[in-house]
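The block underneath contains the structure these notes are about, expressed in structure tokens.
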Amino acid sequence: MEAKINETLIALACGDITEESTAAIVNAANARLAGGAGVDGAIHRAGGLAIMKECRKIGSCPTGQAVITSGGNLKARYVIHTVGPIYRGGLKDEARLLQCAYRESLRLASENSLQSISFPAISCGVYGYPIAEAARLALQTCIEFAGENTGIELIRHILFDRRTYEIFSIEFKKLLFNHNNGD
Ligand code: AR6
């Protein structure tokens, strides 16, 4: 499903983010930028060693922040590495940090004049964030960003499995309803 907010199309799709041809794809990394399991492992496998070399040079990335490298062998020209929060029950500032991770990634894309970006479901795997809550925060942040006309034409959310896609779709419909009714 998809919806246009100002000049930005926000789209949800089921799939593998390493196959995306948006200008940038976002990696759900860890603070050491050391590679790992899940989408991080998949991106480094598909993108090749050049990405890890750049990550080593950068060194680290605090939770809620983002850094940019080239896309190596990927179709995407850039990888934006962000670090979502580990979910520890919801009282450790996780919601704000998850929103920051999306917002900082979008800001980096906009600053680098990139017109399209694809996100995975940050923190929804190894880091254990409840998916509906994470989806709401992710989509709300993207809708707000689109409202600011930042030159980004396309934001894609690439959900790896059907269940995550369905949950994101439900949350997106609720947010669009509120958005269109002036909340
Ligand atoms: N394309 C799209 N989504 C994917 C892919 C893929 N190829 N592979 C997995 N996902 P996770 P996190 C989904 O665990 O929770 C790593 O070890 C997955 O199903 O990758 O932010 C890092 O190094 C889930 O919905 O990221 C960190 O240490 C979502 O991507 C830690 O995991 C995120 O799951 C980060 O944990």
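The values are calculated or read from the model by the stated rules, or taken from the named source; none is laboratory data. All values reported here derive from a predicted model rather than from experimental measurement. Neighbour counts are summed over all protein chains in view; Cβ atoms, including those assigned to glycine, are modelled from backbone coordinates with ideal geometry.
Things worth noting here:
Per-residue answers, yes or no, for (1) assigned to a helix (DSSP H, G or I); (2) surrounded by fewer than 21 Cβ atoms within 10 Å (Cβ to Cβ); (3) within 12 Å of the ligand (Cβ to nearest atom):
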| site | (1), (2), (3) |
| --- | --- |
| 80 | no, no, no |
| 95 | yes, yes, no |
| 101 | yes, no, yes |
| 105 | yes, no, no |
| 108 | yes, no, no |
| 117 | no, no, no |
| 126 | no, yes, yes |
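- Selected residue [of a type in the set (Asp, Glu), touching a residue at least 24 places away in the same chain (Cβ under 8 Å) and surrounded by 13 or more Cβ atoms within 10 Å (Cβ to Cβ)] from 19, 54: 19
- Selection status of residue 43, more than 9 Å from the ligand (Cβ to nearest atom) and in contact with a strand residue (DSSP E or B) (Cβ under 7 Å, 6 or more places away or on another chain): no
- Identity of the residue in the range 149-170, of a type in the set (S, T, N, Q) and assigned to a helix (DSSP H, G or I), that ends up surrounded by the most Cβ atoms within 10 Å (Cβ to Cβ): 164
- Residue pairs meeting the criteria (Cβ under 9 Å; at least 6 apart or on separate chains; first surrounded by 14 or more Cβ atoms within 10 Å (Cβ to Cβ), in the range 171-183; second modelled with pLDDT of 90 or more and polar (S, T, N, Q)): 171/140; 175/140
- Matching option when the condition is within 10 Å of the ligand (Cβ to nearest atom), at pLDDT 95 or above and not charged (D, E, K, R), among 3, 28, 50, 24: 28
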